[in-house]
Every structure is written in structure tokens, then in C-alpha cells.
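The values are calculated or read from the model by the stated rules, or taken from the named source; none is laboratory data. Being a predicted model, the structure only gives us computed values, none of them experimental. Note: ideal-geometry Cβ built from the backbone for every residue, glycine included; neighbour counts use all protein chains shown.
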Amino acid sequence: MNFNCIDCHLDTLEICEYYMVHNDIWRQANLSTADGMLCIGCLENRIGRTLNAHDFPDLPVNTSIHFPKSPRILSRILNI
């Protein structure tokens, strides 16, 4: 599986930005869930705003300590 951001090409797994957002957020970014990965910055650029905790479904990929998180994604998930 390719974890590179489809916009900036950063490896989202390497920068610890592997996550899921609600499907309506992907639609706002003009993507489907099958189109690929976006880092947090590129997703926010596409939707024109900063993500917040309500954008992330309560799924293990977002909540488990087994998936490391970048400071950027933690700040969005925790609303800090």
C-alpha cells in the first residue's frame, strides 16, 4: 500500500499522519476514500480550514496508542 500524500508526496506513515476522517470531509476535499492518502496539511488546504476533533470518527486508527500520532494530528484530534 502506498502511504504517500497524493498532493505533497510525503509518506504519511513515516510522519505519523495515518488517520481517518468522516466521509463528508473527504468529499469536501474532492476525494473518495479510495483515492489515496493526504497529510493533515494538504487535507486542510483542500477543505480551507483546520480540522478538529469532530472530523475524526471514533476508530482505533484515531484513538489507539498503537498508531503513533504527529503533534499536528494530535492537536486536531484533541482540540488543543
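Assess whether Ile15 counts as being part of a helix (DSSP H, G or I), among the hydrophobic types (A, V, I, L, M, F, W, C) and either in contact (Cβ under 8 Å) with a residue 24 or more places away in the chain or surrounded by fewer than 10 Cβ atoms within 10 Å (Cβ to Cβ) (or both).
Details: part of a helix (DSSP H, G or I): no; among the hydrophobic types (A, V, I, L, M, F, W, C): yes; either in contact (Cβ under 8 Å) with a residue 24 or more places away in the chain or surrounded by fewer than 10 Cβ atoms within 10 Å (Cβ to Cβ) (or both): yes.
It is false that Ile15 is part of a helix (DSSP H, G or I), among the hydrophobic types (A, V, I, L, M, F, W, C) and either in contact (Cβ under 8 Å) with a residue 24 or more places away in the chain or surrounded by fewer than 10 Cβ atoms within 10 Å (Cβ to Cβ) (or both).
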Out of everything in region 43-66 that is closer than 21 Å to Ile6 by Cα and modelled with pLDDT under 95, what residue ends up being surrounded by the fewest Cβ atoms within 10 Å (Cβ to Cβ)? Val61
List every residue pair whose Cβ atoms lie under 8 Å apart, where the two residues are 6 or more positions apart in sequence or sit on different chains, the first residue falls within region 54-66 and is without any contact (Cβ under 8 Å) to a residue 24 or more places away in the chain, and the second residue, located anywhere, is surrounded by 10 or more Cβ atoms within 10 Å (Cβ to Cβ) and assigned to a loop (DSSP other than H, G, I, E, B). Pro60/Phe67
In the list Arg76, Arg72, which residue meets the criterion of being touching a Phe, Trp or Tyr at 6+ places or on another chain (Cβ under 8 Å), assigned to a helix (DSSP H, G or I) and either among the acidic types (Asp, Glu) or on the phi < 0 side of the Ramachandran plot (or both)? Arg76
